[in-house]
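Down below is the structure, laid out as structure tokens.
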Amino acid sequence: MNNFQFYNPTKIIFGKGQVEKVGKEVSDYGKNILLTYGGGSIKKFGLYDRVISSLKERNLNIFELGGIKSNPRLSSVQKGVKICKENNIDFILAVGGGSTIDASKAISVGYYHQGDLWEMIENDGEFKKGIPLGTILTLAATGSEMNANAVITNWDKKEKKAIHGSKYPDFSILDPENTYSVPKDYTVFGIVDIAAHVFEQYFSHTESTNLVDSWAEDILKNLIKNSSLVLKDPKDYEARADIMLAGTMALNGLIGMGKEQDWASHAIEHAVSAVYDIPHGAGLSIIFPNWMKYVLDEGKEKFVQYGVQVFDINPEGKSDKEIASKAILETRKWFNNMDAPATLNYYDISRDDLELMAEKAVENGEIGSYKKLNKDDVLKILEMSYE
């Protein structure tokens, strides 16, 4: 295990009925509140009214920024910063999934940035200051509710960039009942995204990481079990609760402690969805099993461990290559069983654009650590993912 530092200041408020506490939590930070959300489902299912009621009980001044899209746009960040500056915003409350939270983090640090906001995102700095921020999570997926990461898309430039040192939420309210209304496809994309976050940290050449590996394996086993339960019954509270907590734990720093991490598949997917605007989890479901196949010979041992510990593959009488290959096949079968897409062609992506995506994925140099990938490597993975 490598040396490491761990820091995470986010307060988690978990369980049924916790949304009603939001007014009390927010009122500690000031009077002027920017409420951010997405396409309006929080209004359709009553969450918006509950949040507004709790905030008004504390006589807070509420300003709103709605319409934040998946793969959140730079334009939403720009609008949010403008609202904050015009109204002396004391606190940002993000109600939604990772896209709403990511945009809100960028608004938080963008408020104090002098200069172009896209340059701020491209430079991916460690930000010293941000407007206080809280979240009410409605989709288990990105883990953004308990980390300082944010991913923003500049649609004009067809670029999608991550910032890793933005703003930790000061608190996050996680009520699994708020995920009951998530459509099946986005429930699935969220589960795949959580699994992908685990994979990016799990597949590592760092030695002696038994404890964090076991945590990662338990998260994956939890996801496999509960994915089938929640797809049978979208209102299975315990399954929703386990998946929601898995999403938070998968990317709050715990399972990556002391490890070299990969993140190549995320870089490839960001390049794809920057050009075609497909759902992030869908892109990962297409790319990740093919990344696994491509890098397998760089270290079969970890894939053997993955197969035995996560999928209970009996190693007796099998070679390492056979166990590892079966583990990858089981991963694809799991995704297929959830009806997650398996090919780029599913989204009518043109083969002619694969080279452009490969270029975007490696525009800052080689990606990944399990196997260093250049443009030719990425292009081969994209071709494997095409059909």
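The values are calculated or read from the model by the stated rules, or taken from the named source; none is laboratory data. Since the structure is predicted, the reported quantities are computational estimates derived from the model, not experimental observations. Cβ sites come from the backbone with ideal geometry, for glycine too, and all protein chains shown count toward neighbours.
Brief remarks follow.
Residues checked against (1) touching a residue at least 24 places away in the same chain (Cβ under 8 Å); (2) surrounded by fewer than 24 Cβ atoms within 10 Å (Cβ to Cβ); (3) over 18 Å from the mean Cα position of the chain (by Cα):
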residue	(1), (2), (3)
I152	yes, no, no
A162	yes, yes, no
I173	yes, no, no
E177	yes, yes, yes
S181	yes, yes, yes
D185	yes, yes, no
A196	yes, no, no
N222	yes, yes, no
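- Residues that are among the acidic types (D, E) and either surrounded by 21 or more Cβ atoms within 10 Å (Cβ to Cβ) or closer than 19 Å to L379 by Cα (or both) within the range 243-276 comprise D262, E269, listed in sequence order.
- In this structure, D28 does satisfy being under 20 Å from M146 (Cβ atoms), of a type outside the set (A, V, I, L, M, F, W, C) and without any contact (Cβ under 8 Å) to a residue 40 or more places away in the chain.
- Extreme residue, nearest to S385 (Cα to Cα), among residues of the range 256-284 that are in contact with a Gly (Cβ under 7 Å, 6 or more places away or on another chain) and among the acidic types (D, E): E269
- Of the helices (runs of 4 or more DSSP H) lying entirely inside the range 49-157, the ones with 3 or more residues being closer than 23 Å to P9 by Cα are found at 98-110.
- Hey, E269 at pLDDT 95 or above, of a type in the set (D, E) and out of contact with any helix residue (DSSP H, G or I) (no Cβ under 6 Å at 6 or more places or on another chain) or not: no
- Among (1) more than 14 Å from S144 (Cβ to Cβ); (2) among the polar types (S, T, N, Q); (3) at pLDDT below 95, the one test that N88 misses: (3)
- Candidates G317, G307, filtered to the one that is in contact with an Asp or Glu (Cβ under 8 Å, 6 or more places away or on another chain) and either without any contact (Cβ under 8 Å) to a residue 24 or more places away in the chain or at positive phi (or both): G307
- Of all residues in the range 110-131, those being more than 23 Å from G281 (Cβ to Cβ) and touching a helix residue (DSSP H, G or I) at 6+ places or on another chain (Cβ under 8 Å) number 10.
- Within the range 332-359, being of a type outside the set (D, E, K, R), free of Cβ contacts under 8 Å to residues at least 60 places away in the same chain and assigned to a helix (DSSP H, G or I) holds for N336, N345, L354.
Per-residue answers, yes or no, for (1) modelled with pLDDT of 95 or more; (2) basic (K, R); (3) surrounded by 13 or more Cβ atoms within 10 Å (Cβ to Cβ); (4) closer than 30 Å to G258 by Cβ:
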position: P9; (1), (2), (3), (4): yes, no, no, yes
position: I12; (1), (2), (3), (4): yes, no, yes, yes
position: K24; (1), (2), (3), (4): yes, yes, no, no
position: G30; (1), (2), (3), (4): yes, no, yes, no
position: G39; (1), (2), (3), (4): no, no, yes, no
position: L47; (1), (2), (3), (4): yes, no, yes, no
position: V51; (1), (2), (3), (4): yes, no, yes, no
position: N59; (1), (2), (3), (4): yes, no, no, no
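- Selection within the range 226-237 - part of a helix (DSSP H, G or I), surrounded by fewer than 17 Cβ atoms within 10 Å (Cβ to Cβ) and touching a residue at least 12 places away in the same chain (Cβ under 8 Å): S228, Y237
- Any hit, the range 358-370, residues being loosely packed, with under 13 Cβ neighbours inside 10 Å, farther than 21 Å from E159 by Cβ and under 23 Å from the mean Cα position of the chain (by Cα): no
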